[in-house]
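Notes for the one structure printed next.
FYI, it's all coordinate maths here, none of it is from the lab. These numbers come from a predicted model, not from an experiment. All Cβ positions, glycine included, derive from the backbone under ideal geometry; neighbour counts span all protein chains shown.
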Amino acid sequence: MSLRPFLAKLIGPSAFGLLFALTGTGCGGCSGNEATVTCDANGENCMICDGYGCHPANPDIGQGGNGGGGGGGGGSVECDPKVTTCGCATTADCPNGTVCLDGLCLVGCNHSYECGAGKVCANGKCETGCDDQTPCDKGFVCDKGVCVADPSTACPQTPCNASESCINGVCEPACQTNADCPMGDICDSTGGGCIPDPSPTPSCGPGITCPGTSQCLMDGYCHYPCTTLTQCKLIDNRFAACDVGVCKTDEEVNPECTLEKPCPAGKDCISNKCL
């Protein structure tokens, strides 16, 4: 299927077929590196490239082949969400239970406690957290409390080897399915590389008990029961409310942003705050 209508809509008919600049959004685009789109002589096989690598510009790739297409060569590429992590343009392209986050169908987080120790909920994804006391690993920098690839050393500036793909500035193992990836990783079908699974992970359930007086609730996470705020404060002074019988932080009770309540353009939702 030709990409002409998609690119004409994206960049405008007067700029069609030319290189153009895009503005990065979300934490993955915090570096502000300029991106360009390049196409072949027929205006097809287009790629979006920035300082962190290249990805197909075809909106149908990885969306399950339901893009209204039509037969013949050049049709959309099938993506099976049972074996890999599919691309998307909107949440409508994703299977039930997942949302479209940075072009991938993922199970999104709303609060950092859903992500486990050392991670924060950033723009709906569980990412490695950082601060002055907890620096990032080598090759990464701390951006708004989240570890991201250091632009000065990230691929493609530092080329990956033949068995790797450049994903978000990091050389990751190449893959076609989730089974090709190390434990804890998933296959980004849009880039052909393994990435750390950014999905939330339940902290309790069958065989996994909660610590202290906290209890495992239906959401799969440990919470402290309460009848008054004083009880919560005695457990942890960061609790700001006893809400429907559960101790909650201010971020949980009065979130500035969530999956359903995104930040204004140019802002990132980090631990329920727009930064």
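Counting other Cβ atoms within 10 Å as a rough exposure proxy, the listed residues Phe140, Phe239 run Phe140, Phe239 from fewest neighbours to most.
Per the Debye calculation on the stretch 91-196 with a single equal scatterer at every Cα and no solvent contribution, log₁₀ I(q)/I(0) for q = 0.19, 0.20 Å⁻¹ amounts to -1.11, -1.20.
In terms of surrounding Cβ atoms within a 10 Å radius of their Cβ, Ser214, Ser152, Ser165 rank from fewest to most as Ser152, Ser214, Ser165.
Remark: for residue pairs Lys125/Lys248; Lys82/Lys144; Lys144/Lys261; Lys82/Lys138; Lys248/Lys273; Lys138/Lys261, the C-alpha separation exceeds 27 Å in Lys82/Lys144; Lys82/Lys138; Lys138/Lys261. Between Asp137 and Thr230, the simple label model (points 7 Å from Cα in the Cβ direction) yields a spacing of 4.7 nm. Here the scattering of the stretch 121-168 is modelled by Debye summation over its C-alpha atoms, one equal scatterer each and no solvent; at q = 0.25, 0.33 Å⁻¹ the log10 of I(q)/I(0) is -0.94, -1.17. Computed from the C-beta positions of Asp80 and Val244, the FRET efficiency with R₀ = 41 Å rounds to 0.55.
Sorting Asp197, Asp93, Asp137 from the fewest to the most surrounding beta carbons within 10 angstrom yields Asp137, Asp197, Asp93. In plain terms, the chain from Thr91 to Ala162 could stretch by 22.3 nm, reckoned as 0.36 nm per residue minus the Cα-Cα distance.
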